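Scroll down for the structure; my scribbles are underneath it.
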Amino acid sequence: DPEEREQPRQSLRYSALALVFGTGFSITLGFRLLMQGLPPLLKLNVPNSSPALILGSIFIALALTAIPCGVLATRLGNGLAMVLGLLSMALWIGMMALNTSVIVALALALLLGLSFSLVSNGVIPLALSIVPAERGGLGTGIYFGGAALAASLCGANARQLETLLPIGGIGLSSGAFLSGAVWVALTQRITSRPSLSSR
């Protein structure tokens, strides 16, 4: 059919693939550092708190807000929702580092879970948006490849990470989420440009 032959097809964007790899790396690194750095930070700043309860609150909020955040991400656009989620996570982490109240720590934990829900809802759509439909596995594989590299590095350097001051680990976590927001924003900028191939 001549019309099918003339229909433009999405080309593969290698720069976007690199950015999505970096996004997977940054998000996973930030989350691993948060999970590792938050308990000692709480013991230091909020000694009468329960780190297990506060960490658990993050995952409870993540689960409870998955559907509403998915609806919001659909309305805002997955890319914008991810950027907002990552920026807000960096903000809540910074506030957590300065906090000395149990109630505020719980509230920040819930906000962290809500914000991460915005991020997790957009991961797969982001990965799929950068590749032609028939190469969807490549996009998701690139993202999870970055995530796996971050997890491997954290595992291999667990002892060195433990030597970081709590504030240092939390600061690195916040920085990782900020860099993730930059990679997502750049990915959206690249994919919004016309890049269609008639081949």
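Give me the one-decimal nm value for the distance between modelled label points at Leu72 and Ile103, 7 Å along each residue's Cα-to-Cβ direction.
Calculated label separation equals 2.3 nm.
What number, in percent, do you get for the relative contact order of the chain if the mean sequence gap of Cα pairs under 8 Å and at least 6 apart is divided by its residue count?
44
Quick one: accessible area per residue over segment 39-180, 1.4 Å probe, rounded to a whole number of Å²?
48
Residue by residue through segment 40-50, which ³J(HN,Hα) values in whole Hz follow from phi under the Karplus form 6.51 cos²θ - 1.76 cosθ + 1.60 (θ = phi - 60°), with glycine and proline marked x?
Working through the residues one at a time gives x, 5, 5, 5, 7, 8, 10, x, 8, 8, 10 Hz.
For segment 25-145, with all protein chains present and a 1.4 Å probe, just round the carbon and sulfur fraction of the accessible area to a whole percent.
Carbon with sulfur: 75 percent of the solvent-accessible area.
Please list, in order along segment 68-78, the HN-Hα scalar couplings obtained from phi with the Karplus expression 6.51 cos²θ - 1.76 cosθ + 1.60 (θ = phi - 60°), rounded to whole Hz, x for Gly and Pro.
x, 5, x, 5, 5, 5, 5, 6, 7, x, 4
On the accessible surface of segment 148-193, probed at 1.4 Å, how many percent belong to carbon and sulfur atoms?
65
With θ set to phi - 60°, apply the Karplus curve 6.51 cos²θ - 1.76 cosθ + 1.60 along segment 140-156 and write out the HN-Hα couplings as whole Hz, x wherever there is a Gly or Pro.
These are the phi-based 3J(HN,Hα) values: 5, x, 5, 4, 6, x, x, 5, 5, 5, 5, 5, 5, 5, 5, x, 6 Hz.
The values are calculated or read from the model by the stated rules, or taken from the named source; none is laboratory data. Bear in mind that the values here come from a model prediction, so they are computed numbers and not experimental data. We place every Cβ from the backbone using ideal geometry, glycine too, and count neighbours over all the protein chains shown. SASA here: full protein model, heavy atoms, side chains in, ligands and nucleic acids out. Shrake-Rupley method; radii C 1.70, N 1.55, O 1.52, S 1.80 Å.
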